[in-house]
1. Quick one: is residue 353 in contact (Cβ under 8 Å) with a residue 24 or more places away in the chain, farther than 30 Å from residue 80 by Cβ, touching a helix residue (DSSP H, G or I) at 6+ places or on another chain (Cβ under 8 Å) and in the same structural domain as residue 254 (by TED's automatic domain parsing)?
2. Output the residues belonging to the range 91-122 that are touching a helix residue (DSSP H, G or I) at 6+ places or on another chain (Cβ under 7 Å) and assigned to a loop (DSSP other than H, G, I, E, B).
3. So, residue 390, is that one farther than 16 Å from residue 287 by Cβ, touching a strand residue (DSSP E or B) at 6+ places or on another chain (Cβ under 8 Å) and in the same structural domain as residue 287 (by TED's automatic domain parsing) or not?
4. Only one of these is crowded, with 24+ Cβ neighbours inside 10 Å and in the same structural domain as residue 247 (by TED's automatic domain parsing): 304, 317. Name it.
5. Out of all the residues in the range 69-92, which are surrounded by fewer than 24 Cβ atoms within 10 Å (Cβ to Cβ) and more than 16 Å from residue 140 (Cα to Cα)?
6. Take the residues in the range 264-282 that are closer than 14 Å to residue 345 by Cβ and more than 36 Å from the chain's Cα centre (by Cα), then tell me which one is surrounded by the most Cβ atoms within 10 Å (Cβ to Cβ).
7. Looking only at the range 320-337, count how many residues are exposed (fewer than 15 other Cβ atoms within 10 Å of the Cβ) and at positive phi.
8. Just need a number here: residues in the range 343-398 that are surrounded by 20 or more Cβ atoms within 10 Å (Cβ to Cβ) and in a strand (DSSP E or B).
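The values are calculated or read from the model by the stated rules, or taken from the named source; none is laboratory data. The structure displayed is predicted, hence computed values, not measured ones. Note that we place each Cβ from the backbone using ideal geometry, even for glycine, and neighbour counts take in every protein chain shown.
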């Protein structure tokens, strides 16, 4: 009996020890799960600079690598400036710690930029996967579509602060004085991001760019990205072309809207010489680059027009000539940069004598609203700085000699 009692006590002791060990493991796992959950619901940046996936300043951390991936895609596919990129990354840190798995169940928002996924804030998130690649696809698709005004304002932003406002106002839906913007902290973070990621470069955002070289489907977790700005813009990267007019001129219609950033959509730029009429030499229209006459025709909107396929593969459009006879070249002709080809006029849908100039790097007929390949003439021509680049605003008078 003593032997049995002794072994029962030993077995009881062993069982108690094992039970305590198992309960301890369960407690530790529960604590870890709670910690992870707290991290996922957290919004913002810790005072020690750490966030989900490690310190964002550490090049080996998951967070840093996710931010670098995002920076590369915004630069290469949407042609963000360094200030634009720094602002977007800082807001991502502010909103979620740049955590693609971040979720606020009470507010029904989730992901890097805290998209709505329910009834409270709508369902922008849809079926997007909870990873960086899919969420940046969603971001780029929204910037090119439903949230295009973000690009319009970012293209005009001239520093980090105005870039932050452009993103917050249009993409996050926050008013300028909204306390959620945490302007001072977010601005400080953005300036630090610019240094850490070496974001010292300009941008060429074109709000009308809508091609297949950019984002893939929002549910695709592919990590592929465009190889660079030049690959998307084709011949538009050099900016060494001439102007369609000579002498003193005004830009009377901007891009992508008549007033540049606002007004009616306008998929080209209107040039009007100061001394303009429908017959005088002062209103001659000239080829901005060498190439071949692709088309000479008439339309209700463009009036009498011609299209040149440049030797660089870019198509340029010259509209509103006063008559077919005023177009002094024919289809198939080879022309040289600076050659007289047409005349300013007002045929078609036009008010006032001018030449409507358009650019498309994909199609000889893609010069209407939302046409694939439409590009800003400011990215192709040597326009004065006051006129703009990605967004061109009505301005002048200028002198073409100052552009030579």
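1. Numbers: in contact (Cβ under 8 Å) with a residue 24 or more places away in the chain: yes; farther than 30 Å from residue 80 by Cβ: yes; touching a helix residue (DSSP H, G or I) at 6+ places or on another chain (Cβ under 8 Å): yes; in the same structural domain as residue 254 (by TED's automatic domain parsing): yes.
Against the criterion (in contact (Cβ under 8 Å) with a residue 24 or more places away in the chain, farther than 30 Å from residue 80 by Cβ, touching a helix residue (DSSP H, G or I) at 6+ places or on another chain (Cβ under 8 Å) and in the same structural domain as residue 254 (by TED's automatic domain parsing)), residue 353 qualifies.
2. Selection gives 98, 99, 100, 101, 102, 111, 112, 113, 114.
3. Working: farther than 16 Å from residue 287 by Cβ: yes; touching a strand residue (DSSP E or B) at 6+ places or on another chain (Cβ under 8 Å): no; in the same structural domain as residue 287 (by TED's automatic domain parsing): yes.
For residue 390, the condition - farther than 16 Å from residue 287 by Cβ, touching a strand residue (DSSP E or B) at 6+ places or on another chain (Cβ under 8 Å) and in the same structural domain as residue 287 (by TED's automatic domain parsing) - is not met.
4. On the way: 304 fails: crowded, with 24+ Cβ neighbours inside 10 Å.
Just a single option satisfies the conditions, and that option is 317.
5. 82, the sole residue that qualifies.
6. Our first condition is that a residue be closer than 14 Å to residue 345 by Cβ; within the range 264-282, this holds for 270-273, 276-280, 282.
Keeping just the survivors that are more than 36 Å from the chain's Cα centre (by Cα) gives 276-280, 282.
Numbers: 276: 21, 277: 14, 278: 15, 279: 10, 280: 12, 282: 16.
Per the criteria, the residue is 276.
7. So the answer is 1.
8. Qualifying residue count for the region: 15.
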